[in-house]
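Taken together, the values in this text are just the output of simple stated rules run on the coordinates, not laboratory data. Just so we're clear, the structure is a prediction, and the values are computed from it rather than from any experiment. Note that we place each Cβ from the backbone using ideal geometry, even for glycine, and neighbour counts take in every protein chain shown.
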């Protein structure tokens, strides 16, 4: 038998300028030379052609070329047309197929339909019937390709919208944190303003100061100096939160972050009648993570714990230092446990461990795999966006930390965060 013709040279005349739009590619598979040549003559002006005399050659051509439609003889030596179709679909599920045979049976038709063949033609075939069958298969391939492309574009748009909403949610929480900055600085400024008014009232337009006046002014100036120092420390602390470079030396102690978080939580509307406690580290340490992100992670977990049920319950945060790398083999995922971001975790000591524990209803095993998905929520439409835990996961991943979740129905849930840490810098 003659060698297979990978690309039909008659379909491409010399000197013809290539069209910017790709012509559909037609694969013709038949172990008889006559039908192959007949189909080549019929379609050479309309499509790029690939010819194969057996199934093995056809599959090899499909691996090396983008094929739109395959015309397959069902009865061939070696692999049958049904077997070839099955392998072609494995290479590219989008390939359309037109089956042809001189021996039509119900079984072969059923097998062809199972493999989503586009059409089924009897030999000897009518040219117009064959042309119509191939044209229909090309149209079907084009339509499915457009559907697939549009689906990808839609998914891309949905992902962009999801990321935008997550960024908006993160920005909203950061806005609450920065509002706390203004609140923190407003206290010392109020004291400073009040004391300056007192001094103005005391000395007023006086041209001569008594000893008592001087002592009064000195005492108030000492207080003002302390409050100015407080303002400077607060501004430095929050500027430290904004540092995002991984090689920056951490400047803010974890206990200060927990204190600032406490200020936010105690005025948060989700607190209601729930109990809340923060247990700081016995020995302070710095965390290798943006300070605002630490507060946002903890705030999201705390608010999520408050909202897990309407009955009053307790939520607490506890911090400690882990002096050795974690034994990750000790963590087993199951119906009550999950460990996230193992592949990206910087398991280098010392590590900061932060626990957010609640005495709520716990999480059922069927919901546990879903809770970190964007927009998943068990709350009412007005109570949450379903983004809180997804944001927590993202921020911890960015910081090369890990998150462990343990829950038990009826007894509560504990989120344990592990983050790279460092000793506090000496001043």
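Could you tell me the center-to-center distance, by alpha carbons, between segment 38-89 and segment 268-337 in angstrom?
61
Return P(r) of segment 311-378 (all Cα-Cα pairs; 10 Å bins starting at 0; whole %; ordered from short to long distances).
P(r) for segment 311-378, in whole percents per bin: 15, 38, 38, 9, 0.
What is the fewest-to-most order of 415, 331 by other Cβ atoms lying within 10 Å of their Cβ?
With the sparsest Cβ surroundings first, the list reads 331, 415.
Determine how many Å³ per residue the convex hull of the Cα atoms of segment 254-422 encloses.
Expressed per residue, the convex hull around the Cα atoms of segment 254-422 is 107 Å³.
Report the gain in length on full extension from residue 152 to residue 63: 0.36 nm times residue separation, minus Cα-Cα distance, nm rounded to one decimal.
29.7 nm
Quick check on the exposure proxy: order 363, 121, 196 from fewest to most C-beta atoms within 10 angstrom.
Listed from fewest to most nearby Cβ atoms, that is 196, 121, 363.
Extending each Cα 7 Å along its Cβ direction at residue 168 and residue 116, get the distance between those two points in nm, one decimal.
If labels sit at residue 168 and residue 116, their model points lie 3.6 nm apart.
If each residue of separation counts as 0.36 nm, what is the full-extension length gain between residue 311 and residue 86 once their alpha-carbon separation is subtracted?
Roughly 75.1 nm would be gained on extension.
Can you tell me how much longer the chain between residue 223 and residue 271 gets when fully stretched, taken as 0.36 nm per residue apart minus their C-alpha distance, in nm with one decimal?
Once the chain is fully extended between residue 223 and residue 271, it gains 13.9 nm.
Over segment 254-422, what is the mean sequence separation of C-alpha contacts under 8 Å (at least six apart), divided by residue count, expressed as relative contact order in percent?
Reported relative contact order: 27 percent.
Would you mind ranking 214, 88, 39, 281 by Cβ crowding within 10 Å, fewest neighbours first?
The most exposed by this proxy come first: 214, 281, 39, 88.
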